[in-house]
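The values are calculated or read from the model by the stated rules, or taken from the named source; none is laboratory data. Every value quoted in this text rests on a predicted model; they were computed, and no experiment measured them. When we count neighbours, we look across all protein chains shown, and the Cβ atoms used for this are built from the backbone with ideal geometry, even at glycine.
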Amino acid sequence: MGFTRLPRLSLLFSTLLLISLASGAHAQQISSPASAGEDPQSLANRYVHEILPYWQHRLQLDEWDVHILLSRPQDLRPGTLGNIHWDRDKKAATIRVMDSSGYHTDLVAMLKDMQVTVVHELVHLELASLPVAEADRSNQEFAIDHLTDALLAADEGRAASGFLSVANPPALSR
């Protein structure tokens, strides 16, 4: 337990506000059913573009101009499923998410994983103003992973109400 856990706990506690802010945000209603025969890449592209504004709003990042691109696995850093680059002064960001060619799983699992990546990268954006030393990068990733899990779990609880969620992605319902 000692001092080695303090930076990780401090970062987690400093970002609890993020969860409380997101929990009261407006949830998007689900729309029409998925097009029959839509290829996985088109469906994935439509899906990530539909969930981006929802999660951007939940995380109160509405003032940011966030774009999302599907990227081939070889265009991402090895071992990653996505990344984000931002310009704080312009309040502009681009999220890259691994495209369907990098997945060897069923469609639902792929879309859920893409949602995890989008939320994870948006949490990076939310925390961008916090200074992080290179030595603390793994602690930051640990905190972001846990915040992402918490946000998605809280959102999954909304599924019973018929709101957009990990359990009921909009692209699967169109």
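Details
- Among the residues making up the stretch 81-98, those that are touching a residue at least 12 places away in the same chain (Cβ under 8 Å), out of contact with any helix residue (DSSP H, G or I) (no Cβ under 6 Å at 6 or more places or on another chain) and in a loop (DSSP other than H, G, I, E, B) are Arg88, Lys90, Lys91.
- Residues satisfying the stated conditions in the stretch 90-131, i.e. among the hydrophobic types (A, V, I, L, M, F, W, C), touching a strand residue (DSSP E or B) at 6+ places or on another chain (Cβ under 7 Å), closer than 21 Å to Leu61 by Cβ and crowded, with 19+ Cβ neighbours inside 10 Å: Ala93, Ile95, Val97, Met114, Val118, Leu125
- Residue match in the stretch 145-163 (condition: within 22 Å of Ser42 (Cβ to Cβ) and either more than 12 Å from the chain's Cα centre (by Cα) or at pLDDT 85 or above (or both)): no
- Selection from the stretch 114-131 of residues that are at pLDDT 95 or above and among the charged types (D, E, K, R): Glu121
- Qualifying residue in the stretch 148-156 (condition: without any contact (Cβ under 8 Å) to a residue 40 or more places away in the chain, aliphatic (A, V, I, L, M), under 24 Å from Asp65 (Cα atoms) and not in a loop (DSSP other than H, G, I, E, B)): yes
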